[in-house]
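Note sheet for the following structure.
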Amino acid sequence: MPTETTVHGASSSDHRTPAEQEYDFSEQVGHLLRKAYQRHTSIFQRLSCDKQLTAIQFVTLCTIMERGPSSLTEIVHATAIDPATIRGVIKRLKAREWVTLTTDPGDQRKVMVVITEAGESLVETMVPIAKQISDQTMNNLNPAERIALLHLLEKMNADG
């Protein structure tokens, strides 16, 4: 009686090409990163002090609070959020009165984004919650794994 061998879950009688047999999307880095990000986003929305605040809006507010008045280009560079998205984020933050727009005193053509007192208050309220969100996102990891994950993500995102 002939036996079938298996390679990566596919039997030798499988009619898929070798490349198809060896590719499992559920084991790919992009898929796993997307699932982890979806989990993080869900936790963020559940725990956030403002249910309309998104993780991207929060990162943008943190960036402006840390750096002071910032141009859109500076925010894009600091957050790695694409220019089209950041314009929409700033528009929504302005509508919520968490930021205001002004011009750069040195270059009247340059728009500067400034965090308001309400925006600062929101960030101050959210920071301890954001720490809980990060903790819950990584709750299946031990302390060494958490450090390793953060190190590896930083390394993956390094320029080069």
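If a residue has to be over 22 Å from A78 (Cα atoms) and in a helix (DSSP H, G or I) to count, how many in the range 39-54 make the cut? Step through it out loud before you land on a result.
Here is the first cut: in the range 39-54, the ones over 22 Å from A78 (Cα atoms) are 39, 42-43, 45-52.
Next, from what is left, pick out any that are in a helix (DSSP H, G or I): 39, 42-43, 45-47.
Summing the residues that are over 22 Å from A78 (Cα atoms) and in a helix (DSSP H, G or I) in the range 39-54 gives 6.
Would you call L149 closer than 28 Å to G30 by Cα, assigned to a helix (DSSP H, G or I), free of Cβ contacts under 8 Å to residues at least 24 places away in the same chain and among the hydrophobic types (A, V, I, L, M, F, W, C)?
Details: closer than 28 Å to G30 by Cα: yes; assigned to a helix (DSSP H, G or I): yes; free of Cβ contacts under 8 Å to residues at least 24 places away in the same chain: yes; among the hydrophobic types (A, V, I, L, M, F, W, C): yes.
Taking the combined requirement at face value, the residue satisfies it.
If I filter the range 90-106 for residues that are at pLDDT below 95 and part of a loop (DSSP other than H, G, I, E, B), do I get at least one hit?
Yes; the residues of the range 90-106 include at least one that is at pLDDT below 95 and part of a loop (DSSP other than H, G, I, E, B).
Among the listed residues S42, S11, identify the single one that is exposed (fewer than 14 other Cβ atoms within 10 Å of the Cβ), at pLDDT below 95 and of a type outside the set (D, E). Give the derivation first.
Details: S42 fails: at pLDDT below 95.
It is S11.
Please go through the range 112-122 and pick out each residue that is surrounded by 16 or more Cβ atoms within 10 Å (Cβ to Cβ), among the hydrophobic types (A, V, I, L, M, F, W, C) and not in a helix (DSSP H, G or I). Walk me through it before giving the result.
As a first pass, look at the range 112-122 and keep what is surrounded by 16 or more Cβ atoms within 10 Å (Cβ to Cβ): 112-113, 115-116, 119, 122.
Going one step further and asking which of them are among the hydrophobic types (A, V, I, L, M, F, W, C), we end up with 112-113, 115, 122.
Answer for the range 112-122, where residues must be surrounded by 16 or more Cβ atoms within 10 Å (Cβ to Cβ), among the hydrophobic types (A, V, I, L, M, F, W, C) and not in a helix (DSSP H, G or I): M112, V113, I115.
Determine, yes or no, whether E120 is out of contact with any strand residue (DSSP E or B) (no Cβ under 8 Å at 6 or more places or on another chain), on the phi > 0 side of the Ramachandran plot, in contact (Cβ under 8 Å) with a residue 12 or more places away in the chain and charged (D, E, K, R).
Details: out of contact with any strand residue (DSSP E or B) (no Cβ under 8 Å at 6 or more places or on another chain): yes; on the phi > 0 side of the Ramachandran plot: no; in contact (Cβ under 8 Å) with a residue 12 or more places away in the chain: yes; charged (D, E, K, R): yes.
Spelling it out, it is not the case that E120 is out of contact with any strand residue (DSSP E or B) (no Cβ under 8 Å at 6 or more places or on another chain), on the phi > 0 side of the Ramachandran plot, in contact (Cβ under 8 Å) with a residue 12 or more places away in the chain and charged (D, E, K, R).
Could you run through the range 73-97 and say how many residues are of a type in the set (A, V, I, L, M, F, W, C), out of contact with any strand residue (DSSP E or B) (no Cβ under 7 Å at 6 or more places or on another chain) and either within 12 Å of T60 (Cα to Cα) or touching a residue at least 60 places away in the same chain (Cβ under 8 Å) (or both)?
Here is the first cut: in the range 73-97, the ones of a type in the set (A, V, I, L, M, F, W, C) are 75-76, 78, 80-81, 84, 86, 89-90, 93, 95.
Imposing the further condition that a residue be out of contact with any strand residue (DSSP E or B) (no Cβ under 7 Å at 6 or more places or on another chain) reduces the set to 76, 78, 80-81, 84, 86, 89, 95.
Next cut, either within 12 Å of T60 (Cα to Cα) or touching a residue at least 60 places away in the same chain (Cβ under 8 Å) (or both) only: 76, 78, 80-81, 86, 89.
The total comes to 6.
Please go through the range 45-67 and give me each residue that is loosely packed, with under 12 Cβ neighbours inside 10 Å and more than 13 Å from M126 (Cβ to Cβ), ordered by number.
R46, E66
Could you tell me whether A130 is in a helix (DSSP H, G or I), under 14 Å from the mean Cα position of the chain (by Cα) and of a type outside the set (V, I, T)?
Values: in a helix (DSSP H, G or I): yes; under 14 Å from the mean Cα position of the chain (by Cα): yes; of a type outside the set (V, I, T): yes.
Spelling it out, A130 is indeed in a helix (DSSP H, G or I), under 14 Å from the mean Cα position of the chain (by Cα) and of a type outside the set (V, I, T).
Confirm whether Q57 is under 18 Å from the mean Cα position of the chain (by Cα), within 26 Å of D159 (Cβ to Cβ) and part of a helix (DSSP H, G or I). Before the answer, list the steps.
On the way: under 18 Å from the mean Cα position of the chain (by Cα): yes; within 26 Å of D159 (Cβ to Cβ): yes; part of a helix (DSSP H, G or I): yes.
Yes, satisfied.
The values are calculated or read from the model by the stated rules, or taken from the named source; none is laboratory data. This structure is a prediction, so every number in the text was calculated from the model and none was measured. Positions of Cβ are backbone-derived with ideal geometry, glycine not excepted, and every protein chain shown enters the neighbour counts.
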